[in-house]
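Here's the structure we're looking at; comments come further down.
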Amino acid sequence: MGNMITFTTQKLKNIKRNSFIKNVIIMASGTAAAQVIALLLSPVITRLYGPESYGLMGSYMAIVAIIVPVAALTYPIAIVLPKSETEAKGIIRVSITITMINAGILLIVLLAFYQTILDVFNLNQLGNFLYLIPLTILFAGILQVTEQWLIRMKYFKISARVTFIQAFLTHGGIATIGFFNPLASVLVMFQSSKEGLKAALMLFSLRKKEKNRIVKLTNDKIPKRLILKKYNDFPFFRAPEVFLNAVSQGLPILMLTSFFGPASAGFYTICKTVLNMPAQLVGKSVGDVFYPRVAEAANLNENVTGLIRKATLSLALIGFLPFGVVVLFGPWLFSFVFGSDWLSAGEYARYISLWSFFALLNLPSVKSLPVLSAQSFQLKYTIFMLVMRISMLSLGYYVFASDIIAIALFGISGALLNIGLIIITLRISKKYDQNKIYSNTL
């Protein structure tokens, strides 16, 4: 018994000394607390608003989700990479400038093609709320910069705390107003402002922590053109890949709205919201900590392949149970938790969970590709994934005229595509490690 206690105590001490595990736990704790809020309030919110309102919100957010990742042309991702803090702040200045330009361009596009967008995607009920998109893009760009700076500085406690506060204010506000005015426009308003809220909370905490260092960017004199040139692989390769990946993620909602109506999009939206919880709880926490860790491993000539493989297998063990339960009992679970109107969402969930499980597993691979200088491959593979996903949804509509079959084809193909990405990334990392060994022997 004494040996067992000693062994357990030693294991806990090892975990405390392991900064990677410690940081993952910190990040996951904030996400877990936020998800408790979401889980407690979701049954109330879904009963108040219904599938159609969720579908309209999902369509709006699908458009936003396609544009948000490239608000700053992915330059914020590079903030973690340079050794120099001055250079990192130069990337921040470039990112914010690009975000402001893109938000202005998007406003012009909306003014020119407003009615066309409403008609094509069947969003007439949202009306003038589309004009909130440029503001959301601006918020998103600021949030991306702030999040990456927190990752660079390893201020994971701030990220965890803010994630919880944002979830509490957002879901609490949606539920409270829903008792009096359960309209899709309420959902849209909260969704369009949540990134601005999170950015403001992070900047407030960061200002207290760093005593305005993050604000004094004008003191750094690295010309923007040098930053743009040095990190040009991000807009040329990473930004198109992220954009296309966002299109493939958001397209199902827009296609389902167009093909089968807002209710079908609502089923998919709640399904993805629920299934994203494990990815947010564990995947994002691991990813945010894993990215600087794998970059450090590459700089120190460590075994990158082993790091990727270990992280992938760990995520497989964590994700198998929750996603497996959804595959087996999806329809019953969704109708029980969210109400009988959401039975079809449970059917969707059975197939989407396959895709979500392997999407969780591929996070270490995706985070490693910039470090492996494989962003060109990632762009090509993302184009292939997008074509396949569009084909599967179109096949379900035009050949089978069934939303369930369309989702089944979409989910299964998504799982296979993610498996392929993991396998190819491991091959790239093996070659990368071998080249390092060879160069070190010369």
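The values are calculated or read from the model by the stated rules, or taken from the named source; none is laboratory data. None of these values were measured; they are calculated from a predicted model. Cβ atoms come from the backbone with ideal geometry, glycine included; neighbour counts cover every protein chain shown.
Brief remarks follow.
- Elements of the type helices (runs of 4 or more DSSP H) sitting completely within region 227-340 and holding at least 2 residues that are among the small types (G, A, S) and free of Cβ contacts under 8 Å to residues at least 12 places away in the same chain: these cover 304-338.
- N276 satisfies every condition listed in (1) surrounded by fewer than 20 Cβ atoms within 10 Å (Cβ to Cβ); (2) more than 27 Å from V36 (Cβ to Cβ); (3) at pLDDT below 85 except (2).
- Restricting attention to region 156-213, the residues being of a type in the set (A, V, I, L, M), farther than 21 Å from F129 by Cβ and touching a Gly at 6+ places or on another chain (Cβ under 7 Å) number 1.
- Single match in M202, M189 (criterion: modelled with pLDDT of 75 or more, among the aliphatic types (A, V, I, L, M), in a helix (DSSP H, G or I) and surrounded by fewer than 18 Cβ atoms within 10 Å (Cβ to Cβ)): M189
- Within region 370-413, tally of residues that are among the charged types (D, E, K, R) and either closer than 30 Å to Y75 by Cα or surrounded by fewer than 17 Cβ atoms within 10 Å (Cβ to Cβ) (or both): 2
- Residue in region 360-380 that is part of a helix (DSSP H, G or I), under 21 Å from the mean Cα position of the chain (by Cα) and closer than 20 Å to Y268 by Cα present: yes
- Region 226-263: number of residues that are of a type in the set (S, T, N, Q) and within 15 Å of the chain's Cα centre (by Cα): 3
- Any hit, region 66-77, residues being among the small types (G, A, S), under 20 Å from the mean Cα position of the chain (by Cα), under 30 Å from T257 (Cβ atoms) and assigned to a loop (DSSP other than H, G, I, E, B): yes
- Scanning region 317-330 for residues that are within 19 Å of the chain's Cα centre (by Cα), at pLDDT 80 or above, more than 25 Å from L41 (Cβ to Cβ) and surrounded by fewer than 20 Cβ atoms within 10 Å (Cβ to Cβ) turns up nothing.
- Subset of region 209-225 that is modelled with pLDDT under 65 and not polar (S, T, N, Q) - its residue that is nearest to the chain's Cα centre (by Cα): I214
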